[in-house]
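In what follows, a single structure is set out as C-alpha cells and then discussed.
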Amino acid sequence: MTSILGANPAFEKGARHTIANGLATVLNIIALTVCLVVFSLTVVGLPLAWSAAWTALYDWRRGGETRVMGTFWRAVATQPIRRTVIAGPAFLMTAIGAAEVSYFLHYRGPIAVVCLTTGLITLAAGLSFAAYLLLLLTVASPEEKGRELWRCAAAIIGRTSLTTTPAFLAQAAVAGFISYTDPGVLVVAMPVLLLWAWMRTALWGARRAGLGV
C-alpha cells in the first residue's frame, strides 16, 4: 500500500490492512497539522515546528514511518535552537514579502508597482530559502554550520530558480486561497499538505542541482 506521502511496507496484506493504513494516514496528517499549527503560534516556534514536521514527513516518505508524531517530537527536541536560528530568517523574509504584497496589492501607480515587485521577489526568495533550508536541516550533518547550509541553499536556488521558485509560489498561493475560503482546512490538513508539496518540489530541485537526497 502506498499513501499520498510514501510507501508503508507494514500494510501490504489485504483490504483490511489497506483501510487501516488509510485511516492511519488521515490521523497522522490531522495530528501533525494540529501540532504544527499550535506550535507555530509563537514567532520562535514557527521555524522549529515546520522544520520538525518536515523531518517527520521526510522519514514517513522514505520508509513508511508509522510513528510520525514520535519523529516530530524527537526532531523538536533535537537542536531546537539551531533549527530556529537557521530557518528563522527565511520565514521572516517570507512574512515580510507576503505583508508587502498584501499591502501594495490595493494601490496603483509606478511606486506601488515597484514595491509590489519587490515584495514578490522577497516572498519568492523567502519561500525558496525556507524550503531548501528545511530540507538541508533534515539531510545534512548536525555539525554542519548554518552559513554553509545557507550557501548550499543559495546555490540550489541559483541553479533551479526558474523552475522551482514559481512552484513554491503557486503552492503557497493555492494553500492560502483554500485556507482563506475554508479556514477549517487550515487546522485539519492544509499546512502538512503544503509542506509535503514543498518537500517534493525541493527534492526535485536539489537533485537537479546535483545534491544526493
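The values are calculated or read from the model by the stated rules, or taken from the named source; none is laboratory data. Because the structure is a prediction, the values reported are computed rather than measured. A quick note on method: Cβ atoms are made from the backbone with ideal geometry, for glycine too, and the neighbour counts reach across all protein chains shown.
Remarks
- Within the range 54-102, restricting attention to residues that are crowded, with 18+ Cβ neighbours inside 10 Å and touching a Cys at 6+ places or on another chain (Cβ under 8 Å), the residue that is nearest to residue 157 (Cα to Cα) is 100.
- Taking first residues from the range 118-145 that are more than 13 Å from residue 172 (Cβ to Cβ) and partners that are in a loop (DSSP other than H, G, I, E, B) and polar (S, T, N, Q), the Cβ contacts under 7 Å between residues at least 6 apart in sequence or on separate chains come to 142/79.
- Filter pass, residue 105 being closer than 14 Å to residue 164 by Cβ and either of a type outside the set (D, E, K, R) or surrounded by fewer than 18 Cβ atoms within 10 Å (Cβ to Cβ) (or both): no
- Any hit, the range 97-107, residues being within 23 Å of residue 171 (Cα to Cα) and outside any helix (DSSP H, G or I): yes
- Flag for residue 147 being more than 20 Å from residue 207 (Cβ to Cβ) and assigned to a helix (DSSP H, G or I): yes
- Residue in the range 38-49 that is within 19 Å of residue 137 (Cβ to Cβ) and at pLDDT below 70 present: yes
- Among all residues of the range 100-116, there is at least one that is more than 23 Å from the chain's Cα centre (by Cα) and among the charged types (D, E, K, R).
Per-residue answers, yes or no, for (1) of a type in the set (A, V, I, L, M); (2) touching a Leu at 6+ places or on another chain (Cβ under 8 Å); (3) outside any helix (DSSP H, G or I):
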| residue | (1), (2), (3) |
| --- | --- |
| 27 | yes, no, no |
| 49 | yes, yes, no |
| 54 | no, yes, no |
| 61 | no, yes, no |
| 71 | no, no, no |
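- Residues that are in a helix (DSSP H, G or I) and surrounded by fewer than 19 Cβ atoms within 10 Å (Cβ to Cβ), drawn from the range 126-144: 139
- Of the residues 160, 181, 201, 164, the single one that is farther than 17 Å from residue 91 by Cα and either loosely packed, with under 15 Cβ neighbours inside 10 Å or of a type in the set (Asp, Glu) (or both) is 181.
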